[in-house]
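> Quick one: the structure is below, questions incoming.
The values are calculated or read from the model by the stated rules, or taken from the named source; none is laboratory data. All of these numbers come straight from a predicted model, not from anything done at the bench. No Cβ is skipped: glycine too gets one built from the backbone with ideal geometry, and neighbour counts run over all protein chains shown.
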Amino acid sequence: MTLFDLIAVMIILVSALVGFTRGAVRELVTVFAFTLAALAAVYLLPFAGPLFRDLMKPAWVGTAAAVVVVFVVAYIALRLAGHWVTARLHTQAALGTLDRLIGLAFGVLRALVFLGVFYLVFSVATPPELTPPWIANARLLPLARGSATALQALAPRTLVERGPLAPALERVTQDAPPALDSPPAAQTSRRNPPRSAPGYDNSSRDEIDALVEQTR
C-alpha cells in the first residue's frame with residue numbers, strides 16, 4: 001500500500017465513523033441546513049440588503065453583513081429543528097439503530113465523493129507524467145477514478161460538455177488512448193487512389209466488330 005492508499009482508507013474510516021455516530025438524519029440535516037441557509041441568504045438579499053446598507057457604510061459592507069446574518073440565522077434555526085427530530089428518533093432503539101446504519105453508509109458515500117473530487121482536481125492540475133509514484137501506483141486509485149466518473153455522469157450535461165474544464169475532465173476520466181485522426185486504411189486509399197481500368201481503343205473495337213460479322 002502506498003501513502004495515497006493509507007490516506008484514502010483513513011478518510012473512508014473517519015467519514016464512516018462520523019456518519020455512524022451522528023446518524024443519517026443529523027448528517028442530512030447538516031447538508032440541507034447549509035444548502036437552505038445559503039439559498040435564504042441569496043433570495044432574501046433584496047429585502048435584507050437595504051436594511052443593512054442603511055445601517056452600515058460603505059454599501060458593500062452592508063450587503064455582506066446582510067448575507068452573513070441571514071445565513072447564520074437560517075442555519076441555526078434549521079440545525080435546531082434537525083436536532084429536535086434526531087433526538088426524537090434516537091429515543092426509539094429500532095429507529096436509532098437504523099438511523100446510525102444509514103449514517104454509516106452516508107459517511108462512506110461522502111468519502112467516495114471526496115476522493116472523486118480530489119481525483120478530478122488533481123488530474124486536471126497535474127500532467128500524467130508528473131504524477132508521483134505513490135499516487136500513480138496506489139491500489140485505491142481506480143476507486144477514486146470510478147468515483148470521479150460517476151460524479152461526471154451525475155453533473156449537469158451543460159457543465160460537462162460546455163464548461164471550461166470539459167476537455168480535461170473528459171481526458172482524466174477515460175483510460176482509453178485517444179483515437180487516431182484517420183484509420184491507416186483511409187490514409188492509404190487517399191495516398192494511392194484506385195486506378196480506373198483501361199478501355200478499348202478504336203482499332204480494338206473494329207477487330208471485335210469484324211469477328212462478330214464473320215460469325216453471322
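> In this structure, is Leu101 closer than 16 Å to Leu28 by Cα, at pLDDT below 80 and either under 30 Å from the mean Cα position of the chain (by Cα) or not β-branched (Val, Ile, Thr) (or both)?
Judged against the criteria, Leu101 is not a match.
> Could you please let me know if Arg79 is more than 29 Å from Pro142 (Cα to Cα) and in contact with a Gly (Cβ under 8 Å, 6 or more places away or on another chain)?
no
> So for region 16-35 (the condition being out of contact with any strand residue (DSSP E or B) (no Cβ under 8 Å at 6 or more places or on another chain), under 19 Å from Ala81 (Cβ atoms) and of a type in the set (Ser, Thr, Tyr)), does at least one residue qualify?
yes
Quick grid of which residues meet (1) buried (at least 17 other Cβ atoms within 10 Å of the Cβ); (2) free of Cβ contacts under 8 Å to residues at least 24 places away in the same chain; (3) in contact with a Pro (Cβ under 7 Å, 6 or more places away or on another chain):
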| site | (1), (2), (3) |
| --- | --- |
| Tyr75 | yes, no, no |
| Ile102 | yes, no, no |
| Ala105 | no, no, no |
| Arg110 | yes, no, no |
| Gly116 | yes, no, no |
| Val124 | no, no, no |
| Leu130 | no, yes, no |
| Ala138 | yes, no, no |
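> Please determine, by comparing only the residues of region 36-55 that are aromatic (Phe, Trp, Tyr) and surrounded by fewer than 12 Cβ atoms within 10 Å (Cβ to Cβ), which one is farthest from Gly82 (Cα to Cα).
Phe47
> Being surrounded by 13 or more Cβ atoms within 10 Å (Cβ to Cβ) and farther than 30 Å from Pro133 by Cα is the requirement here; does Arg26 meet it?
Criteria met by Arg26.
> Output the number of the condition that Leu55 fails; it satisfies all remaining conditions of (1) within 30 Å of Met1 (Cα to Cα); (2) more than 32 Å from the chain's Cα centre (by Cα).
Single failed check for Leu55: (1).
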